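Participant: My questions will all concern the structure given below.
The values are calculated or read from the model by the stated rules, or taken from the named source; none is laboratory data. Keep in mind that this is a model prediction, so the values were computed, not measured. Neighbour counts run over all protein chains shown; Cβ positions are idealised from the backbone, glycine included. The protein model used for the area step is the full one, side chains on, heavy atoms only, and it has no ligands, DNA or RNA in it. Shrake-Rupley method; radii C 1.70, N 1.55, O 1.52, S 1.80 Å.
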Amino acid sequence: QTLRVRSNGVNDGMVRESTETSGIGNYIDPSNQLLAVGDDSLKRQYVSILDFNTSSLPDHAIVTSAVLRVKVMFLSNETYTKLGSLKAVFTNPFFGSSLQLEKADFDNNTPVPVAGVFSKASGINQWITLRLLSNNLSMVNNNGHTQFRIYFSKDDSNDVIKHQIGLLSGNYSVVTDRP
């Protein structure tokens with residue numbers, strides 16, 4: 001059987017690092033329809049969180065494959081060249097201390113499984129996909145939520161130019177364009 005689950009916009013959002021090397025989130029945006037991932041002109045990293053209510057999976061289901069799809073709405077020049085691959089890690093039920101977006105969701109020191117690497121966007125208004133690595137499929141939560149932290153392999157470009165990709169969130173008004 002196949003199950004399609006849309007992102008839960010109530011818990012989606014982006015988290016910005018406080019300073020270039022702090023590794024600590026200090027700003028969150030939980031309601032934006034567009035999620036930024038990358039860096040800014042002050043070399044602060046942006047990560048984005050997507051939340052999926054996966055409780056509609058049967059309790060004893062065995063997940064044999066899963067794909068995360070997101071729609072790209074902006075892409076700064078040289079983002080992939082400067083920041084590397086777009087990746088995701090995931091956890092269940094949440095990253096910080098609750099399902100809701102919080103500054104602690106930025107923390108990339110907590111060991112969580114790598115979900116995989118997204119296909120590369122060549123422009124805007126297109127879907128990119130990440131096929132979850134098969135050895136981590138058991139981490140999909142059959143009884144609640146599964147969250148993804150999306151980030152680039154390099155935290156910043158070490159220049160004063162903003163490099164970002166903009167992804168639609170579960171808050172986007174067009175349901176069919178939500179992750």
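Participant: Restricting attention to region 75-88, and to residues there that are open to solvent by less than 60 Å² (accessible area, probe 1.4 Å) and either at pLDDT below 95 or in a loop (DSSP other than H, G, I, E, B) (or both), which single residue is nearest to G144 (Cα to Cα)?
Facilitator: Only one residue fits best here, namely S85.
Participant: Scan region 30-55 and report the pairs whose first residue is within 15 Å of V10 (Cβ to Cβ) and whose second residue is surrounded by 18 or more Cβ atoms within 10 Å (Cβ to Cβ) and basic (K, R), with Cβ atoms within less than 6 Å and a gap of 6+ or a chain change.
Facilitator: Between residues of region 30-55 that are within 15 Å of V10 (Cβ to Cβ) and residues that are surrounded by 18 or more Cβ atoms within 10 Å (Cβ to Cβ) and basic (K, R), the close pairs are I49/R149.
Participant: Further question: Among the residues of region 42-69, which ones are more than 12 Å from P179 (Cα to Cα), of a type outside the set (S, T, Y) and open to solvent by 80 Å² or more (accessible area, probe 1.4 Å)?
Facilitator: L42, D59, H60, I62
Participant: Could I ask something else about it? Scan region 100-132 for residues that are β-branched (V, I, T) and in contact (Cβ under 8 Å) with a residue 60 or more places away in the chain and report the count.
Facilitator: 1
Participant: Now, a different point. Which one is surrounded by the most Cβ atoms within 10 Å (Cβ to Cβ) among residues in region 22-41 that are under 16 Å from the mean Cα position of the chain (by Cα) and of a type in the set (A, V, I, L, M, F, W, C)?
Facilitator: Filtering first and then ranking leaves L35.
Participant: While we're looking at this one, here's another question. Give me the residue from region 111-150 that is in a strand (DSSP E or B) and among the charged types (D, E, K, R) and, out of that set, least open to solvent (accessible area, probe 1.4 Å).
Facilitator: Result: R149.
Participant: Hey, S153 hits all of (1) under 27 Å from S18 (Cβ atoms); (2) modelled with pLDDT of 95 or more; (3) surrounded by 15 or more Cβ atoms within 10 Å (Cβ to Cβ) but one; which does it fall short on?
Facilitator: Evaluating S153 over (1) under 27 Å from S18 (Cβ atoms); (2) modelled with pLDDT of 95 or more; (3) surrounded by 15 or more Cβ atoms within 10 Å (Cβ to Cβ) leaves (3) as the failure.
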